[in-house]
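Okay, so here's the structure we're looking at.
The values are calculated or read from the model by the stated rules, or taken from the named source; none is laboratory data. Everything quoted here is computed from the prediction, not taken from an experiment. Here Cβ is always computed from backbone atoms with ideal geometry, including for glycine, and neighbour counts include all displayed protein chains. Side chains included, ligands, DNA and RNA excluded: accessible areas come from the protein's heavy atoms. Shrake-Rupley method; radii C 1.70, N 1.55, O 1.52, S 1.80 Å.
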Amino acid sequence: MKNIIIIGGGTGGCIVANLLAKKLDSDEAKITVISASEQHHYQPGWLYVPFAREDARSLTRPVRDLLKKQINLLIGKVEKLDDGNHQVILENGDTVSYDYLVIATGSIPCPEDIPGLSEGGNHFYTEKDSFELYQILQEFRGGKVVIGVGGLPYKCPVAPLEFTFLFEEFINEKGIRDKTDITYTFPLNAVFNIPSVAEVAEPILQERNINIETFFNLEEVKADEKKAISLEGTELDYDLLIMIPPHRGAPFLQGHEIADAKGWVKTNKQSLRAGDSKNIWALGDTTDIPISKAGSTAHFEGPVIAKHIIADLRGEELGEDCVYEGHVMCFLETGYSKASIIDFDYSAPPVLKAPNALMHYQKMAFNKAYWYLIPTATI
Amino acid sequence: MENVEITKESDARGSFCPGPLMELIRMVRDAEVGDVLAVISSDAGSQKDLPAWVAKAKHELLGQEDFEGAVRFIIKKSH
Ligand SMILES: Cc1cc2nc3c(=O)[nH]c(=O)nc-3n(C[C@H](O)[C@H](O)[C@H](O)COP(=O)(O)OP(=O)(O)OC[C@H]3O[C@@H](n4cnc5c(N)ncnc54)[C@H](O)[C@@H]3O)c2cc1C
């Protein structure tokens with residue numbers, strides 16, 4: 001019997017495992033998920049934690065509860081990939097062999113990659129950090145606030161914009177808008193890297209008197225002087241700095257020949273095969289495909305990988321639908337109970353509708369429905 | 001640009017916005033003051049973005065030239 005190993009119990013890993021379990025008979029393959037954590041986090045919820053709109057504790061579920069019962073779950077951290085011998089080695093020294101391997105280890109925010117950022121900055125990209133920011137915002141009474149993107153690539157590309165809009169709404173409702181100066185920063189020459197999204201977001205930032213600082217590539221934070229300094233030589237004074245740190249792939253991938261120095265797996269953008277391998281695929285945040293690192297990306301990639309593995313296992317031809325076409329779909333929360341939706345693929349850039357209440361409530365409903373629909377591969 | 005000695009060159013053809021710009025930023029971070037860097041880009045957006053970034057960051061754009069149907073940007077790290 002063939003061994004299918006999926007590393008990662010997050011969005012991508014759960015989807016692929018459940019799709020395979022649905023389609024394969026139990027005597028065709030043994031499916032194992034290896035996850036460093038027993039818990040699966042619904043990360044999009046962390047956007048709302050600083051504003052007390054979500055409780056961080058309600059955004060996690062045991063990975064075991066999300067996987068079909070015929071899937072084996074191994075809690076452990078992969079420390080080494082020996083693709084020559086088709087094995088992964090865990091932190092505790094155990095070796096696991098595979099016939100097919102799926103890498104779905106996500107991405108890690110790394111504030112330590114920018115001098116002073118860990119000491120001087122905050123963010124909301126982990127459970128702990130979003131809760132700390134909640135505590136800070138409880139005490140916030142006004143001042144200079146700099147919100148931005150501290151390095152590319154990072155996951156959920158629109159989240160920093162969404163946070164900026166929600167923050168402005170939050171301080172407005174608190175009655176301290178006139179005591180607060182907000183600056184939004186972005187590394188490129190626009191407020192976002194997709195022009196149609198920037199065209200919607202920029203006027204909203206302007207309307208709400210949020211300063212915009214583009215071409216701001218964070219180089220250093222002087223925590224004692226409360227200054228954020230860019231490679232371009234711009235210095236911003238702050239009382240509160242909320243910067244999304246640059247991200248990396250999992251440590252065991254950093255510098256491995258299947259990935260680049262930062263741990264992004266060299267992935268074929270259509271077949272999702274990793275490197276030159278015949279039996280390794282990657283999905284979700286860990287790929288080097290230059291599209292959004294988002295849960296929805298993993299959601300649309302999952303079925304492609306499941307079909308590849310099933311076809312190979314059964315010696316069948318690959319169907320025409322065994323190609324990932326770059327589909328991504330994300331909400332853009334714009335504050336004051338409005339949102340828009342961003343839907344695109346490799347061939348068609350997104351066309352955005354004006355932000356509206358319906359989209360906002362759809363996003364709220366999706367946040368609750370996620371557990372039943374997405375990791376379980378129900379849709 | 002034949003008389004300029006290039007310290008480091010990167011071929012970013014086939015990568016799309018913001019790939020070539022990010023490649024240039026990575027090179028500038030790693031380079032010494034005075035180094036001459038070249039980036040080859042086939043992305044149309046680079047024609048606007050790369051010179052604009054070089055101006056904002058106060059480096060020097062020594063030139064841009066056709067290179068096998070793409071554009072080769074030559075930049076000096078000034079500070
Ligand atoms: C604040 C915020 C808001 C977001 N909003 C949205 C949104 O609105 N829409 C959207 O589509 N996406 C959003 N995202 C992004 C989304 O959460 C991720 O893109 C998605 O979770 C990626 O799925 P993944 O499977 O690649 O990685 P993850 O879901 O992060 O899972 C990675 C898994 O790998 C495991 N792992 C890591 N390293 C190892 C190892 N060495 N050994 C074993 N296991 C390992 C982890 O324990 C985890 O189980 C948001 C993210 C954040 C932080």
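Just a few scattered comments:
- Over chain A: helical MRE at 222 nm, DSSP H runs n ≥ 4 each giving -39500 (n - 2.57), nearest 500: -8500 deg cm²/dmol
- Taking amide H as placed 1.01 Å from N in the peptide plane, A:K144 has its amide H under 5 Å from the amide H of A:D181, A:D239, A:L240, each at least 5 places away in sequence or on another chain.
- Remark: mean inter-chain Cβ contacts per residue of A:367-378 equal 0, using a 10 Å Cβ-Cβ cutoff to other protein chain atoms.
- The label point for A:E207 and the one for B:E5, both projected 7 Å from the Cα toward the Cβ, are 5.7 nm apart.
- Under the span-like rule (Cα at least 27 Å along the axis, Kyte-Doolittle mean at least -1.0), DSSP H helices of chain A: A:295-314
- Fraction of accessible area attributable to carbon and sulfur, chain A (%, probe 1.4 Å): 49 percent
- Within 10 Å of each Cβ in A:230-237, the average number of Cβ atoms from other chains: 3
- Legend: mean number of C-beta atoms from other chains within 10 angstrom of residue C-beta atoms, peptide A:188-194, equals 4.
- Calculated from backbone phi, Karplus (6.51, -1.76, 1.60) coupling profile of segment A:330-341 in Hz, x at Gly/Pro: 9, 7, 10, 6, 10, x, 6, 6, 10, 8, 10, 10
- Residue list for segment B:2-34, given a label point 7 angstrom along the Cα-to-Cβ vector of B:E60 and an amide N cut-off under 13 Å: B:4-5, B:33-34
- ³J(HN,Hα) computed for each position of segment A:219-235 - Karplus, 6.51 cos²θ - 1.76 cosθ + 1.60, integer Hz, glycine/proline x: 10, 7, 10, 9, 5, 5, 8, 6, 10, 10, 10, 9, 4, 7, x, 7, 10
- Between amide H atoms placed 1.01 Å from N, distances below 5 Å from A:K155 occur with no residue 5 or more places distant or on a separate chain.
- Summed side-chain charge close to A:M1 - residues other than A:M1 whose Cβ falls under 15 Å, Lys, Arg +1, Asp, Glu -1: -2
- Projected-area average for segment B:8-76 over all orientations - Cα convex hull basis, square nanometres: 3.9 nm²
- Förster radius 22 Å - calculated FRET efficiency between A:K278 and A:D321 (Cβ-Cβ, nearest 0.05): 0.65
- Accessible area per residue, Å², the protein assembly as shown with all protein chains present, probe 1.4 Å: 44 Å²
- Inter-label distance, A:D65 to A:I89: 3.6 nm, where each label sits 7 Å from its Cα along the C-beta direction.
- Evaluating 6.51 cos²θ - 1.76 cosθ + 1.60 at θ = phi - 60° for every residue in segment B:68-74, the Karplus couplings come out as 6, x, 10, 10, 10, 9, 10 Hz, glycine and proline recorded as x.
- Given R0 = 25 Å, the distance between the Cβ atoms of B:A44 and A:D343 translates into a calculated FRET efficiency of 0.60.
- Shielded by partner chains, segment B:14-41 residues - at least 40 Å² of accessible area, 1.4 Å probe, vs chain alone: B:P18, B:M22, B:R29
- Dividing the mean sequence gap of close Cα pairs (under 8 Å, 6+ apart) by how many residues segment B:8-76 holds gives a relative contact order of 34 percent.
- Distance between the 7 Å Cα→Cβ label points at A:A357 and A:K77: 4.8 nm.
- Built amide H within the under 5 Å cut-off of A:I6, gap 5+: A:T32, A:V33, A:I34, A:V102
- The average projected area of chain A, computed from the convex hull of its Cα atoms over all directions, is 18.5 nm².
- Centroid-to-centroid separation of segment A:195-240 and segment A:115-140 [C-alpha atoms, Å]: 17 Å
- With the highest mean first, a sort of the peptides A:184-197, A:71-84 on other beta-carbon atoms found within 10 angstrom per residue produces A:184-197, A:71-84.
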